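Q: Got a structure for you, written out below as structure tokens; questions coming shortly.
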Amino acid sequence: MEYRLQTPITKEQLSLLRAGDRVLLSGTVYTARDAAHKRLMELLDAGQPLPFPLEGSVIYYVGPTPEQPGQVIGSAGPTTSGRMDAFSPRLLDLGQSVMIGKGGRSAAVVDAIRRNGAVYLAAMGGAGALMGACVEALEVLCWEDLGCEAVRRLQVRDMPLTVAIDSTGESIYDSGPAAYLNSLKDK
Amino acid sequence: MKTIHADQIRDLVAELCIRANRELPEDIVRAMTGAAGSEPWPLAKETLSVLCANLDAAREKALPICQDTGLACVFAELGQDVHVEGNFQEAIQEGVRRGYREGYLRKSVVGDPLRRVNTEDNTPAAITVEFVPGDALKLTVVPKGFGSENMSRLAMLKPADGVEGVKKFIIDTVAAAGANPCPPIVVGVGIGGTFDKVAALAKHALLRPIDQTNPDPYYAALEAELLEEINRLGIGPQGFGGRTTALGLCIETMPTHVAGLPVAVNISCHVTRRASGEL
């Protein structure tokens with residue numbers, strides 16, 4: 001199935017998605033990766049407000065290349081999500097509903113996805129030039145000292161994504177290879 | 001004796017950093033388009049064609065292929081009859097600094113592994129110098145992304161583990177990496193030497209065009225066997241399932257101690273970059 005989703009996205013909309021479905025996402029997406037996640041945790045520990053509202057938020061694990069004159073963003077493909085596994089359950093429990101990255105997630109993240117009716121979407125790893133073309137506007141929200149890891153607010157249009165782990169906890173990284181290997185047995 | 005000025009080295013390194021990040025080597029492009037043609041699993045075939053379209057987009061728009069423009073690994077083959085006027089290492093660092101700035105490449109290096117402050121110019125590069133006969137200087141820039149670097153592993157096996165132990169370690173490493181290193185991957189394998197040398201061998205193996213086999217028929221056969229076995233794992237492009245898990249596998253070896261069998265696996269993603277030039 002292919003779905004067009006526009007932020008804000010409801011939990012009902014997310015519940016329809018199944019691992020392997022295609023999504024074209026439009027709207028507001030926040031960027032955060034390793035160092036920014038660490039700082040988000042520090043703010044939460046200190047009881048201070050976060051740079052963007054977590055409720056219903058979409059976080060893209062990306063550190064783009066610098067934009068050239070006349071460009072909104074440079075290359076902007078996903079980074080490996082597993083490095084955010086230590087942080088994601090807490091953010092999902094506090095309202096984040098969509099994660100965008102690449103690669104598998106820990107059992108704790110899958111549990112948090114199920115518990116909160118969240119989803120994990122995969123962007124095309126290593127396709128930075130194509131992914132960057134979906135970004136229509138960019139604003140650095142905070143932590144400019146982190147360079148490529150600063151938190152940015154992106155406006156995206158028709159960002160092509162694949163449902164990697166759906167709200168029931170099913171993962172394309174398990175079901176995809178299994179389906180391919182099964183197809184070999186039938187021959 | 002030939003004199004090469006530091007400025008020439010700086011300018012060449014800067015150009016190679018930019019070129020490597022925008023255009024893949026011909027052997028990798030051929031392997032990608034070949035795999036997109038022959039991949040039997042529909043989703044995998046479609047994924048490969050998107051990745052090929054990304055290569056075209058990067059070339060046409062002069063954009064980096066991937067946003068992880070890597071830590072710059074610079075390999076120098078320095079002719080012993082070359083005299084370098086100026087500071088050789090600093091010329092390479094300055095070339096990386098310029099290339100990453102002028103090419104709008106991402107600055108992905110922190111100056112200290114634990115205190116983690118970005119150096120903001122992508123230096124220092126990781127420089128490897130090899131002395132060779134002659135009066136030329138060949139420079140190769142390999143921007144190494146860390147999604148794949150992080151999935152690399154090293155083991156000090158026992159001699160009794162033999163070739164079967166080596167095969168198992170390589171296959172287990174690729175299977176454990178799964179979707180993380182952005183498959184289809186290129187696998188660099190080092191066997192032998194010492195703890196430090198084996199890792200360098202594995203990295204060096206990634207410099208060899210993947211359509212060139214090891215000159216030793218024994219290792220050429222082992223490369224073919226391992227590649228076939230990896231492509232039976234089912235991981236597929238992006239880890240979504242399919243045949244094409246690896247595009248190539250290269251093995252480099254060196255003599256080792258009677259008591260040891262070191263093996264290292266350096267994984268590289270489908271954006272396996274290298275650009276070379278000679279002075």
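The values are calculated or read from the model by the stated rules, or taken from the named source; none is laboratory data. Just so you know, these numbers come straight off a predicted model, no measurement behind them. Note: ideal-geometry Cβ built from the backbone for every residue, glycine included; neighbour counts use all protein chains shown. These accessible areas exclude ligands, DNA and RNA; they are computed on the full protein's heavy atoms, side chains included. Shrake-Rupley method; radii C 1.70, N 1.55, O 1.52, S 1.80 Å.
Q: Separation of segment B:1-61 and segment A:87-131 by C-alpha centroid, Å?
A: First find each Cα centre; the distance between them is then 29 Å.
Q: To continue, here is another question. What's the Kirkwood radius of segment A:2-180 in Å, using all Cα pairs? Write out the running numbers ahead of the final one.
A: Values: mean 1/r = 0.0620 Å⁻¹.
Kirkwood radius, segment A:2-180: 16.1 Å.
Q: Something else now. If I model the protein assembly as shown as equal point scatterers sitting on the Cα atoms and use the Debye formula, what is log10 I(q)/I(0) at q = 0.05, 0.12, 0.13 Å⁻¹?
A: -0.18, -1.06, -1.22
Q: Please report the Cα spread of segment B:147-275 along all three principal axes, rounded to whole Å, starting with the longest.
A: 42, 31, 27 Å, listed from the longest principal axis down.
Q: Moving on. Which aspartates and glutamates does residue B:61 reach when only Cα atoms under 13 Å apart count, and residues fewer than 8 places away in its own chain are ignored?
A: By straight Cα distance, residue B:61 reaches A:67, B:23.
Q: In whole Å, largest first, what are the principal axis extents of the Cα atoms in segment A:78-187?
A: 53, 32, 22
Q: Just need log10 I(q)/I(0) for chain B at q = 0.08 Å⁻¹, Debye formula, equal scatterers on the alpha-carbon atoms, no solvent, rounded to two decimals.
A: Computed log10 I(q)/I(0) values: -0.34.
Q: Which percent of the accessible heavy-atom area of chain B goes to carbon and sulfur, probe 1.4 angstrom?
A: Working: 6490 of 11790 Å².
Carbon-and-sulfur percentage of accessible area, whole number: 55.
Q: Quick one: work out the % antiparallel among DSSP beta bridges in segment A:2-180, nearest 5. If you can, show how the numbers build up before the last one.
A: On the way: 19 of 34 bridges.
Taking every DSSP beta bridge with both residues in segment A:2-180, the antiparallel ones total about 55 percent.
Q: Enumerate the aspartates and glutamates that residue B:2 could reach by cross-link, defined here as Cα to Cα under 12 Å, with residues fewer than 8 away along the same chain left out.
A: Output for residue B:2: B:81, B:85, B:135.
Q: Let me ask another. Per the 1.4 Å probe, what fraction of the accessible area of chain A, in percent, lies on carbon and sulfur atoms? Show your work: numbers first, answer last.
A: Values: 3860 of 7410 Å².
Ligands and nucleic acids excluded, carbon and sulfur reach 52 percent.
Q: So which of A:38/B:138; B:107/B:138; B:107/B:158; A:38/B:158 end up more than 31 Å apart, counting from Cα to Cα?
A: Beyond 31 Å between Cα atoms: A:38/B:138; B:107/B:158; A:38/B:158.
Q: While we're here: Provide a list, ordered by number, of residues in segment B:33-75 showing at least 30 Å² less accessible area with every protein chain present than when their chain is taken on its own, using a 1.4 Å probe.
A: B:41, B:46, B:50, B:54, B:61, B:63, B:64, B:67
Q: For chain B, give me every cysteine whose Cβ has no other Cys Cβ within less than 4.7 Å, ordered by residue number.
A: Here B:17, B:52, B:66, B:73, B:250 come out as lacking a disulfide-compatible partner, given the Cβ-Cβ threshold of under 4.7 Å.
Q: At 1.4 Å probe radius, can you tell me the per residue accessible area of segment B:147-275 in Å²? Please report the intermediate quantities before stating the final value.
A: Values: 4930 Å² over 129 residues.
Per residue, segment B:147-275 has 38 Å² of solvent-accessible surface.
Q: Okay, moving on. Quick check: convex hull over the Cα atoms of segment A:39-104, volume per residue in Å³, rounded to an integer? Walk me through the intermediate numbers first.
A: On the way: hull volume 7.2 nm³, N = 66.
Hull volume over Cα atoms, normalised by residue count, gives 109 Å³.
Q: Need one number: buried accessible surface between chains B and A, 1.4 Å probe, both sides summed, DNA, RNA and ligands left out, in Å² to 100. Don't skip to the answer; put the middle values down first.
A: Values: alone 13290 and 8970 Å², together 19210 Å².
Counting both chains, the buried surface is close to 3100 Å².
Q: For every helix of n ≥ 4 consecutive DSSP H residues, a contribution of -39,500 (n - 2.57) applies; sum these over the protein assembly as shown, divide by its total residues, and give [θ] at 222 nm rounded to the nearest 500 deg cm²/dmol.
A: On the way: 14 runs with 163 residues, N = 466.
Calculated at 222 nm, the ellipticity per residue is -11000 deg cm²/dmol.
Q: Tell me, what is the per residue accessible area of segment A:2-180 in Å², probe radius 1.4 Å? It would help to have the intermediate numbers written out before the result.
A: Values: 6560 Å² over 179 residues.
I get 37 Å² per residue for segment A:2-180.
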